[in-house]
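No value in this document is a laboratory result; all are computed from the given coordinates. Please read these numbers as outputs of a predicted model, since none were measured by experiment. Counting neighbours? That spans all protein chains shown, and the Cβs are built from the backbone with ideal geometry, glycine included.
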Amino acid sequence: MSAPYAEVIGDPIAQSKSPLIDGFWLKALGIEGDYRRRHVTPGDLAAYIGERRVDAGWRGCNVTIPHKVAVMDLVDDPGNIRGTIGAMNTIVRQPDGALIGTNTDAAGFYAPLAELDLQGAPVVVVGAGGAARAVLFALARAGVGSVTILNRSPLKAMGLLATFGLKGDVAPLDASLPPAALLVNASSLGMTGQPPLDLDLAPLPEDAVVYDLVYAPLQTGLLKAAAARGLDTVDGLDMLIGQAALAFELFFGAPPPEGRDEELRALLTA
Ligand code: NAP
């Protein structure tokens, strides 16, 4: 049998950093396997899944835009991802050919916050798209207190509070911040080519943490403003690497090597 392989699928796909991350770990662990980038259009998604289902060398795939919702119709969902986060980012092939879909974004997001006591804490989340769903799912499980969602479309944000059983409120992007313990940017604002996210961080307490999911650029305007105020920050690479690590273990049966994150981060920002 040929060496096992996994893939990342999306449309477009050239921008994906997953092959770099998984390739680095495969090499570091000396695993004979491959991780590939595969351009799959929406019209080709069902055929792609059908072909891979009967390919014993294929361990699974990471799923990126625009397939995270559509792929849920093509695979098994034992963890009820459809009824919770509502999007899958990882498909794993079982030895009998069954395909299980899951989502590693929520756990990848939460990992850098695991030491924080967020029980009952007020938080702010900017954005109400796919990434925000994973963030809100994780925050609900962490038992946070009041959640303020700032978003361009308030109705969408309102729906998310209800979906995840969170109490809180919704405000426009230019609203002043409440004194939250954690501020998360889960919107596209601040990304290269997108408008900046201009927030006045003055209302945040001195021990607040500011977390930006955007990783291009890595040092966003939001993180720079937070650092200038002396606040702790978490950048988007932590989540990117965290969600990839969980998927890697599902594909190749071994966790990524320990103590190599700085090297990987340098590779990703070169
Ligand atoms: P998405 O589903 O398309 O949602 C985009 C969000 O940004 C929505 O809330 C949208 O507001 C808002 N938005 C977009 N353009 C805007 C504009 N011009 N003005 C105001 N609001 C705007 O995208 P996503 O998948 O959630 O991704 C969001 C960001 O998270 C991206 O930067 C992505 O790279 C990043 N991300 C990072 C990781 C990681 O591992 N670090 C993982 C996933 C995503 P509306 O609701 O009003 O449309």
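Taking the Cα centre of the chain as reference, the dipole from Cβ charges on Lys and Arg (+1) and Asp and Glu (-1) amounts to some 540 debye. Farthest toward the positive end of the dipole of the chain, out of L136, V214, I65, is the Cα of I65, where the dipole comes from beta carbon charges about the Cα centre. Rounded to the nearest 20, the size of the Cβ-charge dipole of the stretch 124-220 about its Cα centre is 500 debye, with Lys and Arg at +1 and Asp and Glu at -1. Debye calculation, C-alpha points only, no solvent: report log10 I(q)/I(0) for the chain at q = 0.09, 0.11, 0.13 Å⁻¹, in the same order as the q values. Results for the chain at q = 0.09, 0.11, 0.13 Å⁻¹ read -0.42, -0.63, -0.87. Between the alpha-carbon centres of the stretch 8-25 and the stretch 241-255 there is a gap of 14 Å.
Working from label points 7 Å from Cα in the Cα-to-Cβ sense, the K156 to A254 distance is 4.1 nm.
Length gained on full extension, D73 to A3: 22.3 nm, using 0.36 nm per residue less the C-alpha separation. Going through the stretch 185-269, which trypsin sites (Lys or Arg not before Pro) have at most 15 other Cβ atoms within 10 Å and a DSSP loop state? Those that pass, being in a loop and sparsely packed, are R229, R260. For a paramagnetic label modelled on A266 (point 7 Å from Cα along Cα→Cβ), amide N atoms under 19 Å away belong, within the stretch 214-255, to 218-219, 237-238, 241. Among the lysines of the chain, pairs that are 8 or more positions apart or on different chains and have alpha carbons within less than 24 Å of each other number 5. Take every DSSP beta bridge whose two residues both sit in the stretch 77-156; close to 50 percent of them are antiparallel. Converting phi to 3J(HN,Hα) with the Karplus coefficients 6.51, -1.76 and 1.60 and the offset θ = phi - 60°, the stretch 173-186 yields 5, 9, 5, 7, 6, x, x, 8, 7, 9, 10, 10, 9, 10 Hz in sequence order, with x at every glycine or proline. Take the Cα of D232, step 7 Å along the line toward its Cβ, and report every residue of the stretch 163-197 whose backbone nitrogen sits under 11 Å from that point. Inside the label zone: 182.
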